[in-house]
Every structure is written in structure tokens, then in C-alpha cells.
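Engineer: Take this structure first; my questions come after.
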Amino acid sequence: MWWSPRLALLSALVLATARGAASDPCPRICLCDNVRRHVACRWQNLTQVPDSVPQVTRRLNLQGNALKVIPREAFAPLPYLTHLDLQHCQVEHLEEGAFRGLGRLLHLNLASNHLAVLLQEALDGLGSLRQLVLERNRLEEIRPGAFGQLGSLGALSLAHNALVYLPDMAFQGLVRARWLRLSHNAINVLAPEALGGLPGLRRLSLDHNELQALPGEALSRPGGLARLDLSHNPLTYVGEEDGLALPALRGLALARMALQEVGAAAFARCPRLRSLDLGGNQLAALPPLEGLARLRRLNLTGNPLRCTCAARPLQEWARRARLRLDATCAGPRRLRGEALPALRAADLRCPAEEDDYDDDDEGGSPRAPRPSRAPGPCPQACSCSAATGHSSCEGRGLEAVPRGFPDGTRLLDLRRNRLGSVAAGAFRGLGRLVSLHLQHCRVATVEAGALAGLAQLVYLYLSDNRLSSLSAAALRGAPRLGYLYLDGNRFARVPAAALAPLPGLFALHLQHNLLRRLTSGDLAWAGRLRRLYLSGNQVSRVAVDALGPARELESLRLDGNRLRAVPTAALRRLPALGELDLAGNPLRALADGAFGPSAGSLRHLYLNATGLERISPRAFSGLELSLRSLYLDRNRLRALPALEGFTRLELVSLSDNPFHCDCRLLPLHRWLAGLNLQVGATCQSPPSARGQRVKTAVAIFESCSGGGGRKVKRTLPPRRGARTLRLRTKPTKVGKGKP
Ligand SMILES: *[C@@H]1O[C@H](CO)[C@@H](O)[C@H](O)[C@H]1NC(C)=O
Ligand SMILES: *[C@@H]1O[C@H](CO)[C@@H](O)[C@H](O)[C@H]1NC(C)=O
Ligand SMILES: *[C@@H]1O[C@H](CO)[C@@H](O)[C@H](O)[C@H]1NC(C)=O
């Protein structure tokens, strides 16, 4: 545009001066356009909002000042503002009600400041706001409710912050939001309901984050989503089991990830998809994709495609579906650089038919990244890809961590070697490493300072080694570590001292070790821990105060241990606990109030294969409004109290119990009869009832006193017709997919 804003301001200033607009004072250091009511006070090192800005001002530009704090009602004297620009103002803190009084504000730009938290009340009073820009701040977390007052907001940008985790209902209240930009953060987890409460969302940008698995469940929440960008995340695999289901999705970008495989049905539940970008990945092949009748464009540029007979189905599919397919062959040598769609089917020969079959670039396991063509540093036994930042030396018999990986390495795979120990400074120079794989390396010691310099490390896999302890300094140097895998080792105690330098640890895997008890202090470091995996140990005791410090714990897996009772007292003070797995412990009985302390949060409870014979009538009391799934299968239950009032139950598993179907079981029968759930409860005795379903065995219960006619009808719970049957859902797993 020829009419630059700056020019506009200057000429308006001249105009204003010429008219001698004494009635519209202008602060000395600002430029005022009294016609359009714009005021700009840019790059003036102001420490507060100048107080003589005309009250009628519509746009105020304060970019480049030193406000630091926005006090309560700082703009209350300017009620007509529609645009407020506070970029580069060194803002660290927004006081409660900072923008109160700005009921007409449409655009608020807070980019390039120093905000680390957003308090719930900070954005009060902005009921008309359409666009909020919070880019390039230091936000590490979003608290549910932070945007609760912004009912008119259409676009929110949180790009270039330090977000790692998005909790359930993070964006609640943004009922009109159409575009959410979360690019360039370090997000590695989305809670299942993280995108709940965003009914209008059409576009979501999650590119340049640290997702290692597709959070299909969370991404499927905004049902109207039309465009989704997940490019530049370190994903290696996408498949149907990731559960992406977006009926309105038209454009999906999965470019420049680290994809090595895409399942044929991965997008089968995105039937309107028109454009799919898989460019710049590590795909050597792609099967025809199912269920994509409307797909028009498929980008496979920059993948190491093998144009052999294995590529024929892809080519045929593209032709039949009239896809615009961008794909260039990387091999065999004879076809290198050719466009796949232009080749004849006869060109796509099977390796055995190949006369000049070149083996040079297809060695190694299919999962190993392909070596980069461009010459660059890479240790001899390894392969390094500059494009994806992946380096692998899997299964090379190495006895020490080699040197000389590219600086930009983000994923380093050293599994299945013979390291024995990890030396101090072993990864020096790898400051950009995000994911480190050291599984099956016979590691018995991790020296102090082994992780020194790994400032960006998020995932550390030390599974299936020989560790029985870790010194206090063993894990120092990786302050952003979020996921630590120590499963399949020989720990008899939680290595609490070693975990203390990891303030952001999100998930700890300690399953299949030799733990016998959890004692006070074991989780003293665990303030941010959300998932704790202790399955398959020998835990028989949990001290009353052992779990207390893990206040944000959401999932606790204690299955396959030796607990003889539910550790009721230890569960107190776990206000976020949503999933508790006690399956496979010898519990035998459940007393009244066994889960009382976690009431209100517990949603998934596993008590299968616990030898349960007896469940007290109020064993589950307190969980009425929270419990969604309850696993009681493979026990010795002959009877079970009815669970009246558990209004949220979606799954109850009662199979493989020897239910005794006499009149004492009437309440259970009635309760089940009123539920639209399949529970698998079967009568084992008396012999006459054997094999019948407790739920449907009407004949058995008809004769019970109180079982006949009217009385039953009166006490029968209302049918919950709206509740649909849900078969066993997959338990939430971290690091799902192929690491
Ligand atoms: C603002 O402060 C910086 C650094 O102290 C200084 O260089 C600059 O000249 C100041 N600008 C104004 C307009 O005072
Ligand atoms: C296809 O992918 C390549 C590699 O990522 C990229 O450079 C190109 O812009 C993409 N083409 C389209 C049309 O998106
Ligand atoms: C308990 O049930 C879950 C869900 O069906 C299953 O994955 C798990 O293996 C079972 N645990 C035991 C110890 O049987």
C-alpha cells in the first residue's frame, strides 16, 4: 500500500497542529492522529502508560517501551480503544484486571514480552476481543481458565513460547476461536481433553513441537477442524491406532517429521481430506491410503522413495483416484530423480528382476535413518541424517558412545550395544538432542555428569539395562527431561537423589524392577510428575506420606505387585489422580471408603485379577461422579453391590467371576438391566443358572421377593438410553507408537 501508517500519522499530526487542536492534547513524546484517533508512543522507554492520551483514542501503539508490569485497570481512562499494541514492552506481569474497562477492544498484541504465566483474571473485561497475540513470550504453562473470559476471541497465537504440556480444557471458554497457533513450542503431550471446549476451531497449528506420537484422541476433539499442521515434530510412525478422527479435516500437514512408516488406515477417519503433505520425511514406501475418496493432492517430495514393484499399488492408486502426486524416486539407481507418476508400471521392477540392483543405499534395518547424501560428520559405525536430525548406531556392538555426531542431532539411537557404562560427558556437543535411546546396552553405571550439556533433552530411554542405582549427579545436566525410562532394570529403591535435578519430570517408568516398598521421600522430587509406572515390581507397602509430594500425579500404575490392600491413606492428597491400576495384586477384599481420598478425580480404576472375593457396599463411595471405567474381571466375586448413582460409568468389566445368581444378586441384576453397557457378568452357580448373563437372566430373579411385577418397575433405575456402549478403550500410554 502506498499510504504507509507512519506517513498517515505524520500528515495527520501536521493537520492536527495546523488546526491547533488544543482540545485534544497529545502527550509530548507521542504522535497523535486526531482525525482517526490513533496515538503512537513507540520506542520511548516509557515505564508507564502516558496519562494525557486523549480519552477518545481508538488505537494506541506503545510498542518498544519498558512497562514491565501492567497494573490493574491501566487503560480504564481509554474506554474507546479497539487496538492496543504492547509488543516489546518488557512486560513480565499482568496484574489482575489489567485490561478491565476495555470492553470494546478487538486486537491486543502482547508479543515479544517476558510473560511466564497468565493468571486467570489477567484477561478479565475483554469480552469483545477478537485477536490476542502472545507470541514470543516465556509461557511454560496454560492454566485451565486462563482464557475463560474471552468469549468473542477468534484467533489466539501462542507461538514461540516454552509450552511443554497442554492440560485438559486448557482453552476452555474460547467458544468462538477459529484459529489456534501453538507453533514453535516444546509441546510433547496433549491431555486427552486439552482441546475440549473449542467448538468453533477450524485451524490448528502445532508445527515445530516435540510430539513423538500422534495425540489422536486429543486432536479429534474439535470436530470441525479443517486444517491441521503437525509438521516438524519428531514422529516416526502414524497409524490407525493413533485414533485420528476428524470428519471435517481438509488439509493435513505432516511434513519434515521423521516418519518412517504410515499405516494404510492412518487417515481412514478423516474422509474429507483433500490435501496431505508428507514431504521431507523418511518414507521409502507408502501404501494406498484407505478411506480418502476426496484426496486431491499428496506430497511425497523429499522422501527416500524406492521405485520398485512395491511402489506399484501407490502409483495405481494415485492414477485411479486422480491424485496430484508429487513424488520423486530415490532408488533404484536407474530411476533416481524420476517422477513416480510418470513411470510405467513395467519400470517398477521387483529387486530380483533388477539387473543393476544397487544395494548401496538400502542397508541396515528399515528403521535406521538413511545416511544423508551431503557429506557431514558422522561416526563410522553410524548413520546420520542432516534432514531429520536423526543419528543411529543401533546394534553395532559399540563399547563406548562414539564422538562426532552432527551438531544438530535431535534423536540419537544407541540401543542394543555393549556400553556397560555411560561415561561423564559422553554426549558433549549435542546440545540440541531431544531424544536419547540407550535401551539394551548392558548399562550398569551412569557416571556423574554423563548427561552434561543436554539442555534440550526431553526423552531418555534406559530400559532393559543392568542398573541397580544411580548417583545423585548421574542425571544432572538435562533440566528439561520429561520422560525417563528405567524399566527392566534392577532397582530395589526409587533412585530419588538422582531424580532431584529433574524438576520437570513428567513420566517415570520404573516397571519391572525389584522395588519392594515406597517410602517417605521416594517422590520428594516429583512436584511435576504426572505419570508413574511401577507395574511388575514386588511392592507390598506404600508409606502413608510416600506419594504426597506428587501433587499433580494423574496416573499411577501399581499393577502386578504384592499389595494386600488398597493403600488408601497414601492416596490422600493426590487431587489430580485420574487413573489407578492395582490389577494383579493379591487384594482379596475391598473395605468401605477404600478410595475415599481420591474421590472426585478418579476416572479409571483397574482391580482385575486381584483375587477379590468381597467388596463392601460402600467400597467405591466418593467416586460416584467421576468414575468412567471399572475393571473387576478375573476375580472371585460371587456377588457385587449395585453401583447406583455412578452416573458417568462407560465401561464395567465383570467377566470371569463366579457370580452366584440367587436373590441376593437381585440389586446387581436390576442395576445392570438399566444400563446400556456390556459387562460380561455371567452366573456360575447355582447349576440351574450356570452360563446365563446376570444382566438378562430375568427368569432367575423373577421369583425373588420384591422381584416381581410392580415393585421391580418402581425401583428400577431409569434407562440411560443415551449412554452408548463403549468397548474397552486403550489405556493411555506414553510414548505410544514406535519410539
Ligand atoms: C532508551 O534506552 C536506551 C538504552 O538505555 C537508549 O539507548 C535509548 O536512546 C533510549 N531511547 C530514548 C528514546 O530515550
Ligand atoms: C512438498 O514437500 C516439499 C518437501 O517438504 C516442500 O518443499 C514442498 O513445498 C511441498 N509442496 C507442496 C505443494 O506443498
Ligand atoms: C487388567 O485389565 C486390563 C484391561 O483389560 C488389561 O490390559 C490388563 O492386562 C489386566 N491386568 C491383569 C493383571 O490381568
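Engineer: If you take the residues of the range 534-574 that are among the basic types (Lys, Arg) and surrounded by fewer than 19 Cβ atoms within 10 Å (Cβ to Cβ), which of them is modelled with the lowest pLDDT?
Structural biologist: Arg573
Engineer: Separate question: Could you list, in sequence order, the residues of the range 79-98 that are outside any strand (DSSP E or B) and closer than 21 Å to Asn45 by Cα?
Structural biologist: Across the range 79-98, the qualifying residues are Leu86, Gln87, His88, Cys89, Gln90, Val91, Glu92, Glu95, Ala98.
Engineer: For the range 317-341, name all the residues that are in a helix (DSSP H, G or I) and more than 36 Å from the chain's Cα centre (by Cα).
Structural biologist: Result: Arg319, Arg320, Arg333, Arg334, Leu335, Pro341.
Engineer: For the range 31-42, give me each residue that is open to solvent by 40 Å² or more (accessible area, probe 1.4 Å) and within 16 Å of ligand 1 (Cβ to nearest atom).
Structural biologist: Once the filter is applied, which keeps residues that are open to solvent by 40 Å² or more (accessible area, probe 1.4 Å) and within 16 Å of ligand 1 (Cβ to nearest atom), the range 31-42 yields Leu31, Arg42.
Engineer: Among the residues of the range 43-63 satisfying the criterion of being open to solvent by 100 Å² or more (accessible area, probe 1.4 Å) and under 43 Å from the mean Cα position of the chain (by Cα), which is farthest from ligand 2 (Cβ to nearest atom)?
Structural biologist: Here the answer is Gln48.
Engineer: Here is a further query. Considering (1) touching a residue at least 40 places away in the same chain (Cβ under 8 Å); (2) farther than 21 Å from Leu632 by Cα; (3) open to solvent by 50 Å² or more (accessible area, probe 1.4 Å), say which one Cys704 fails and leave the rest.
Structural biologist: With respect to (1) touching a residue at least 40 places away in the same chain (Cβ under 8 Å); (2) farther than 21 Å from Leu632 by Cα; (3) open to solvent by 50 Å² or more (accessible area, probe 1.4 Å), Cys704 is out only on (3).
Engineer: When you check Ser128 against the structure, is it among the small types (Gly, Ala, Ser) and buried (at least 20 other Cβ atoms within 10 Å of the Cβ), yes or no?
Structural biologist: no
Engineer: Are there any pairs, at least 6 apart or on different chains, whose C-beta atoms fall under 6 Å, with the first in the range 303-322 and more than 27 Å from Ala386 (Cα to Cα) and the second small (Gly, Ala, Ser), and if so, which?
Structural biologist: Arg312/Ala345
Engineer: Restricted to the range 275-284, and to residues that are within 20 Å of Gly337 (Cα to Cα), open to solvent by less than 30 Å² (accessible area, probe 1.4 Å) and not polar (S, T, N, Q), which residue is farthest from ligand 2 (Cβ to nearest atom)?
Structural biologist: Here the answer is Ala284.
Engineer: Of the residues that sit in the range 34-67 and are in a loop (DSSP other than H, G, I, E, B) and touching a Ser or Thr at 6+ places or on another chain (Cβ under 7 Å), which one is nearest to Leu118 (Cα to Cα)?
Structural biologist: Top of the filtered list is Leu67.
Engineer: Return yes when Gln90 is closer than 20 Å to Leu180 by Cβ and open to solvent by 10 Å² or more (accessible area, probe 1.4 Å) and no when it is not.
Structural biologist: Taking the combined requirement at face value, the residue does not satisfy it.
Engineer: Tell me which residues, restricted to the range 677-694, are within 13 Å of Ser653 (Cβ to Cβ) and not in a loop (DSSP other than H, G, I, E, B).
Structural biologist: Thr682 - this is the single residue of the range 677-694 that is within 13 Å of Ser653 (Cβ to Cβ) and not in a loop (DSSP other than H, G, I, E, B).
Engineer: Please tell me if Leu139 is out of contact with any Gly (no Cβ under 9 Å at 6 or more places or on another chain), open to solvent by less than 10 Å² (accessible area, probe 1.4 Å) and not in a loop (DSSP other than H, G, I, E, B).
Structural biologist: no
Engineer: Identify, please: which residue in the range 587-597 is farther than 17 Å from Asp633 by Cα and outside any helix (DSSP H, G or I) and is, among those, most open to solvent (accessible area, probe 1.4 Å)?
Structural biologist: Asp592
Engineer: Hey, can you tell me all the residues within the range 417-473 that are in contact (Cβ under 8 Å) with a residue 40 or more places away in the chain and among the charged types (D, E, K, R)?
Structural biologist: If the condition is that a residue be in contact (Cβ under 8 Å) with a residue 40 or more places away in the chain and among the charged types (D, E, K, R), then Arg432 is the only one that fits.
Engineer: May I ask you to say which residue of Arg306, Arg272, Arg322 is modelled with pLDDT of 95 or more and open to solvent by 20 Å² or more (accessible area, probe 1.4 Å)?
Structural biologist: On the way: Arg306 fails: modelled with pLDDT of 95 or more; Arg322 fails: modelled with pLDDT of 95 or more.
Step by step, each of Arg306, Arg272, Arg322 is checked, and only Arg272 is modelled with pLDDT of 95 or more and open to solvent by 20 Å² or more (accessible area, probe 1.4 Å).
Engineer: What are the residues in the range 285-322 that are among the small types (Gly, Ala, Ser) and within 16 Å of ligand 2 (Cβ to nearest atom), if any?
Structural biologist: Matches in the range 285-322: Gly302, Ala318.
Engineer: While we're looking at this one, here's another question. Which one is most open to solvent (accessible area, probe 1.4 Å) among residues in the range 342-355 that are in contact (Cβ under 8 Å) with a residue 40 or more places away in the chain and in a loop (DSSP other than H, G, I, E, B)?
Structural biologist: Here the answer is Arg349.
Engineer: Which one is surrounded by the fewest Cβ atoms within 10 Å (Cβ to Cβ), of the residues in the range 479-502 that are outside any strand (DSSP E or B) and in contact (Cβ under 8 Å) with a residue 60 or more places away in the chain?
Structural biologist: Step one: list which residues in the range 479-502 are outside any strand (DSSP E or B), which gives 479-482, 486-502.
From what is left, the residues that are in contact (Cβ under 8 Å) with a residue 60 or more places away in the chain are 480, 482.
Values: Arg480: 19, Gly482: 24.
Checked the range 479-502; the qualifying residue surrounded by the fewest Cβ atoms within 10 Å (Cβ to Cβ) is Arg480.
The values are calculated or read from the model by the stated rules, or taken from the named source; none is laboratory data. Predicted model, so just to flag it, every value in this text is computed and none were measured. Heads up, the Cβs are rebuilt from the backbone with ideal geometry, glycines too, and the neighbour counts pull from every protein chain shown. All accessible areas refer to the heavy atoms of the entire protein, side chains included, with ligands and DNA or RNA removed. Shrake-Rupley method; radii C 1.70, N 1.55, O 1.52, S 1.80 Å.
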